[in-house]
Amino acid sequence: MKPLDTTDIRILRALQNEGNLPNTRLSEIVALSTSQCWQRVQRLQRDGYITGYNAVINHALLGYSDIVLVEIAATREQVSRISDLCEELSRIPEVLEVHLTSGEFDCFIKVAVDGTRGFENFLNKKLYRIKGIRNSRSSFSLKCFKNEPGFVPQAP
């Protein structure tokens, strides 16, 4: 893989801010010809620096106004198969993130719900039906100050 230069970093930053930029606009922003810009974006994709493009969804408009952060501890029997538990959690549509963690809890999930009743419904109909969960601890997110899918480091 070719090391990133300042132009590659500028391309990544521009695409992180607006993933659906047309190549002509992107080439203007990073001061390259359209063909050079397109070739660099293709290389960044091929080398794995860009892994996809996503729309940012407003969950509140879809009826899921709250985010709940849940730490989950597995039963002793499940600890050896914690990846299976994380995979099962990943299949629940309202679960936005699943992280295998160290410390007192084995995994961490971020869940979109419709208030406290929506969270109660999530717990009773989805989370508590999964075998291998010993206990959980939940917190409602009151306000999100930063929500970025990634970051681009400073240029070398």
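Here are some notes:
- Selection over region 40-88 of residues that are within 17 Å of L21 (Cβ to Cβ) and in contact with a Leu (Cβ under 9 Å, 6 or more places away or on another chain) gives a count of 6.
- Region 100-119 - residue that is assigned to a helix (DSSP H, G or I) and in contact with a strand residue (DSSP E or B) (Cβ under 9 Å, 6 or more places away or on another chain) and, of those, most open to solvent (accessible area, probe 1.4 Å): T116
- Residue in region 90-97 that is at pLDDT 95 or above, surrounded by 15 or more Cβ atoms within 10 Å (Cβ to Cβ) and out of contact with any strand residue (DSSP E or B) (no Cβ under 6 Å at 6 or more places or on another chain) present: yes
- Checking each residue in region 64-80 for being hydrophobic (A, V, I, L, M, F, W, C), within 15 Å of S102 (Cα to Cα) and out of contact with any Cys (no Cβ under 7 Å at 6 or more places or on another chain) picks out V70, A73, A74, V79.
- Any pair with Cβ under 8 angstrom, 6 or more apart, that starts in region 87-101 at a residue that is free of Cβ contacts under 8 Å to residues at least 60 places away in the same chain and of a type in the set (A, V, I, L, M) and ends at one that is surrounded by fewer than 11 Cβ atoms within 10 Å (Cβ to Cβ) and not in a loop (DSSP other than H, G, I, E, B): L100/S83
- Region 11-60, residues that are farther than 26 Å from K146 by Cβ, open to solvent by 70 Å² or more (accessible area, probe 1.4 Å) and acidic (D, E): E28
- Restricting attention to region 120-132 and to residues that are of a type outside the set (G, A, S) and open to solvent by less than 20 Å² (accessible area, probe 1.4 Å), the residue that is farthest from E87 (Cα to Cα) turns out to be F122.
- Any hit, region 73-94, residues being assigned to a strand (DSSP E or B), within 18 Å of the chain's Cα centre (by Cα) and among the β-branched types (V, I, T): no
- Taking the criterion of being in contact (Cβ under 8 Å) with a residue 40 or more places away in the chain and surrounded by fewer than 13 Cβ atoms within 10 Å (Cβ to Cβ), the residues of region 63-80 that qualify are G63, R76, E77.
- Any hit, region 39-55, residues being more than 24 Å from Q154 (Cα to Cα) and either of a type in the set (A, V, I, L, M) or within 20 Å of the chain's Cα centre (by Cα) (or both): yes
The values are calculated or read from the model by the stated rules, or taken from the named source; none is laboratory data. No experiment lies behind these values; they were computed from the predicted model shown. Don't worry about glycine lacking a Cβ; one is built from the backbone with ideal geometry, like all the others, and counts go over all protein chains shown. All accessible areas refer to the heavy atoms of the entire protein, side chains included, with ligands and DNA or RNA removed. Shrake-Rupley method; radii C 1.70, N 1.55, O 1.52, S 1.80 Å.
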